[in-house]
Amino acid sequence: MKIQILSEEMASRIAAGEVVERPASVVKELMENSLDARATEISVSVERSGSSLIRVTDNGEGMMPEDLALAVERHSTSKLKNEDDLFCIATLGFRGEALPSIASVSKTTIISRPPEAAFGHQLLIEGGKKVEAKAAACAGGTTVEIREIFYNVPARRKFLKAPATELSHICDVFNRMALANPGVHFTLFHDGRTVADYVSVSDGSDRLHQVLGRDTAKDLIPFSATQGDLALRGFLSVAPTSFPNARYLITFVNRRYVRDKILTHAVLHGYENLLMKGQYPGVVFFLGIPFNEVDVNVHPAKYEVRFRRQSEVHEAVANAIRQALKQEAKGPSLRPAVSAPPRFGGVMEPQFHYAAPSAETHGPSVPSNDISSLTPRTETSGSGFFSSMVILDQILGCYLVCSSSRGLAIIDQHAAHERVAFEKLCQQMEAREVQKQSLLIPQTVELSGGEAMLLEKKIAVLNQLGFDVEPFGANTYAITAVPALLPEGDYRQVVRQMMAELAEVDKSDKLRQHLEERLATIACHSVIRANRKLAMSEMRALLNQLDEIDFATQCPHGRPVLLEFSRDDLEKMFKRVV
Ligand SMILES: Nc1ncnc2c1ncn2[C@@H]1O[C@H](COP(=O)(O)OP(=O)(O)OP(=O)(O)O)[C@@H](O)[C@H]1O
Ligand SMILES: [Mg+2]
C-alpha cells in the first residue's frame, strides 16, 4: 500500500485551515494530485463554473483499491512517511487533507486504475460518507468527479460569486499549473466547450505563449541566473511594457505557485525606478531552491512559503531581475511594436515582393539582429547599440529620428538626457560625492515658519544631494552651491520641490530609495528641454552617453527613451503583410 494514515502527532503539525473555499480550490487540489501522480495528460471539465460539476482526469500512476479507500480518509497520504519528510517536501500535496475535505462537501466519484492493473475501481462518496465501491472498467490513471459542490453547506453555496468570477478563478488556477509544467498536456472544458488546449511543449517560452497569448507573451523576455544553490529563471517585461496591476506578476517556488511577499517585493525592487508610478511589471518567475531550504507547511491552501535564508533569497531574486533588465537595456532585443495580426482572414501578399533593394543598388540591407554587422552611412558612429545608429534628424524639437539595420528608431531626447543625468548622479552619490558648483551670487529662498523648520532638518540630506543651503536671516536661506549637472538658472524652484518631496521621508530605511527619487528630480531639471534644436554633435554625444549607462531604455520615471520599428512592424503597419 502506498497511502498511510499520519500519526496524530504528525497530523497536528500540519498547517490546518480551510482547504475548499470555492470551485477553483477543488480544481487546484485535484490538478496538484494529478501532477504528483506524474501525469502527462490532465483534462479538466467544469459545468456551470464548477458549481454543478468539476471533473479532473489524468493518466498518472493511479491507485489500487486499498489505496483508493484510504485516500478519502483524513490525514492519509502517500507523500509523507516520517517527520523528517515534513522539512523536505518535494510534492505539491503532503497533508492528506484535500480529498476528504472535498468529499465532505460534495458528491464525489473517484475512478482509478494503475496502468499495470487489469481493471480499475470506483468509489462513490456523498457528503463524506462512502456510498459505494466497485470494480470499474477505465483507462489507466485517475478521474475525480465532484458534483454539486457545497450541496450540504448552503451557507457556503451562498457565498459563491457570480459564475463568471468563479470561472475566472478556475482559469487562473489552471493557467498557473500549466505555466509551471510545460511538458504536460492540459485541456480545460467549460459547459462542453474547449476553453484551453495546451499541448505538451519542451520549451517554457512556448508554454508562455500558449497561456498568455501572443500579444502579452511577446513582450516578456526570458532570463535565467544561478546564485549558489538557487536557480532563478523566467520571463520579464522591459520598457515600454508595463501593466496597471500586478496580475502578470506570477511567482513559483519549485513549480508551486505562491503569493509570497518576499518574492514579490524582491521582483519589484529589481524594477526600482524603471517603472512609471502605479505601473507593475509582467514577470513570470520560477525559483528553484533545495527542498529543505523552504518550508511549504505554513498555509492551509499552500499559497505561502517560508524561506530559511530569507534575505539571501530576496537579494538573489532582486539581483537576477536587475541584471536581466540591465542586459536587455544595453542591447534591447527586437520585439514587434505593433500588435500581432489576426491568425485567419485577410490577404497575404508575397513576402519577398517588397523586399529591400539589393546591396548592389542601395548599400547593404542587413535584416539581422546582430548590431555588429552594421555598416553606417554617416560619420562617427560607434559600435554600441545607440552609438551605432545613423541619426537622420531631430523632429518636433524633441525627437531624434535614427535608422539602424533593424529599422527605424525614435529617441525622446528629454527622456534620454534625463536617464543619462540620473545615472551620473547615482554614480556620484554612490561614490559619496555629488559634484557641486558654487554659486557666485547665492540665491535666497524665503520660507514659511513650517517650511523653515523642515529645511533645518533636511539640510544634511540636501547636502548629500549636492545642494549647499545656509541660514540667511529669519526664515530665509541662501543656496550657495548646487549639483554641477544643473544648468545655470533659478534654483529656488528645484530646492522647494526637493523639500516638499523630502517632507514625506521619515524612515531611514527608505532613505536610499528616496534619495534616488530626488536624484530623478534633479536629473529632470538638468535636461535639454523639448523644443531646442540640437547640433549633430550634441545628438551624437547623447547617443554615445546612452551606451555608457545601464538603463538607457527608460527615463528615471519609467517613460521609454526609445521606440523601435522593425521591417516587420513597418510592413504590418503598411498592410504589406497580414
Ligand atoms: N490523481 C491521483 N492519482 C494517484 N493518486 C492520487 C491521486 N489523487 C490522490 N491520490 C492519492 O491519494 C492521497 C490523498 O490525496 P489528498 O489530495 O487528499 O492528499 P495529499 O495530496 O497527500 O495531500 P494534500 O492534502 O496536501 O493535497 C495522495 O497522497 C495520493 O496517494
Ligand atoms: Mg493532494
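For the range 9-31, name all the residues that are acidic (Asp, Glu), within 21 Å of Asp295 (Cβ to Cβ) and open to solvent by 10 Å² or more (accessible area, probe 1.4 Å).
Those that are acidic (Asp, Glu), within 21 Å of Asp295 (Cβ to Cβ) and open to solvent by 10 Å² or more (accessible area, probe 1.4 Å): Glu9, Glu18.
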Before we move on, is Ser106 more than 32 Å from the chain's Cα centre (by Cα), buried (at least 23 other Cβ atoms within 10 Å of the Cβ) and away from ligand 2 (no atom under 15 Å from the Cβ)? yes
What's the number of the only condition in (1) free of Cβ contacts under 8 Å to residues at least 24 places away in the same chain; (2) charged (D, E, K, R); (3) assigned to a strand (DSSP E or B) that Asp84 fails to meet? (3)
Selection within the range 208-246 - more than 24 Å from Arg256 (Cα to Cα) and among the hydrophobic types (A, V, I, L, M, F, W, C): Val238, Ala239
Just wondering, is there one or more residues in the range 129-144 that are open to solvent by less than 10 Å² (accessible area, probe 1.4 Å), assigned to a strand (DSSP E or B) and either more than 16 Å from ligand 2 (Cβ to nearest atom) or in contact (Cβ under 8 Å) with a residue 60 or more places away in the chain (or both)? yes
Name the single residue that is surrounded by the most Cβ atoms within 10 Å (Cβ to Cβ) among those in the range 32-50 being among the polar types (S, T, N, Q) and under 18 Å from Ile110 (Cα atoms). Ser34
Residues satisfying the stated conditions in the range 95-132, i.e. more than 10 Å from ligand 1 (Cβ to nearest atom) and touching a helix residue (DSSP H, G or I) at 6+ places or on another chain (Cβ under 6 Å): His121, Leu123, Ile125, Gly128
Taking the condition at positive phi, touching a residue at least 12 places away in the same chain (Cβ under 8 Å) and in contact with an Asp or Glu (Cβ under 7 Å, 6 or more places away or on another chain), does Gly407 pass? yes
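Hand me the list of strands (runs of 3 or more DSSP E) wholly inside the range 176-261 holding 2 or more residues that are open to solvent by 10 Å² or more (accessible area, probe 1.4 Å) and under 30 Å from Leu53 (Cβ atoms).
Output list reads 185-190, 193-198, 256-258.
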Among the numbered criteria (1) out of contact with any Gly (no Cβ under 7 Å at 6 or more places or on another chain); (2) under 30 Å from Leu68 (Cβ atoms); (3) of a type in the set (Val, Ile, Thr), which single criterion is violated by Ile170? (1)
Going through the range 19-50 in order, the residues found to be acidic (Asp, Glu), outside any strand (DSSP E or B) and away from ligand 2 (no atom under 15 Å from the Cβ) are Glu21
Count of the range 26-43 residues which are within 11 Å of ligand 1 (Cβ to nearest atom) and either at positive phi or not β-branched (Val, Ile, Thr) (or both): 12
What are the residues in the range 51-77 that are within 16 Å of Gly141 (Cα to Cα), part of a loop (DSSP other than H, G, I, E, B) and within 9 Å of ligand 1 (Cβ to nearest atom), if any? Gly60, Glu61, Gly62, Met63
Output for Cβ contacts, cut-off 6 Å, separation at least six or different chains, first residue at positive phi and within 13 Å of ligand 2 (Cβ to nearest atom) in the range 56-79, second open to solvent by less than 50 Å² (accessible area, probe 1.4 Å) and of a type outside the set (Lys, Arg), reads His75/Leu6; His75/Ala11; His75/Gly96
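I want to confirm something. Restricting to the range 109-128 and keeping residues that are of a type in the set (A, V, I, L, M) and either part of a strand (DSSP E or B) or under 41 Å from the mean Cα position of the chain (by Cα) (or both), which single residue is nearest to ligand 2 (Cβ to nearest atom)?
So in the range 109-128, the residues of a type in the set (A, V, I, L, M) come out as 110-111, 117-118, 123-125.
Filter once more, so that each one left must be either part of a strand (DSSP E or B) or under 41 Å from the mean Cα position of the chain (by Cα) (or both): 110-111, 123-125.
Working: Ile110: 12, Ile111: 17, Leu123: 16, Leu124: 20, Ile125: 16 Å.
Per the criteria, the residue is Ile110.
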Exactly one of Phe574, Phe551 is crowded, with 19+ Cβ neighbours inside 10 Å, among the aromatic types (Phe, Trp, Tyr) and over 15 Å from Asp393 (Cα atoms), and that one is Phe551
For the range 402-414, how many residues meet the condition of being surrounded by fewer than 17 Cβ atoms within 10 Å (Cβ to Cβ) and of a type in the set (Val, Ile, Thr)? 1
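The values are calculated or read from the model by the stated rules, or taken from the named source; none is laboratory data. Values in this document were obtained by computation on a predicted structure and should not be read as measured data. Don't worry about glycine lacking a Cβ; one is built from the backbone with ideal geometry, like all the others, and counts go over all protein chains shown. Please note that ligands, DNA and RNA were not included when accessible areas were found on the heavy atoms of the full protein model with its side chains. Shrake-Rupley method; radii C 1.70, N 1.55, O 1.52, S 1.80 Å.
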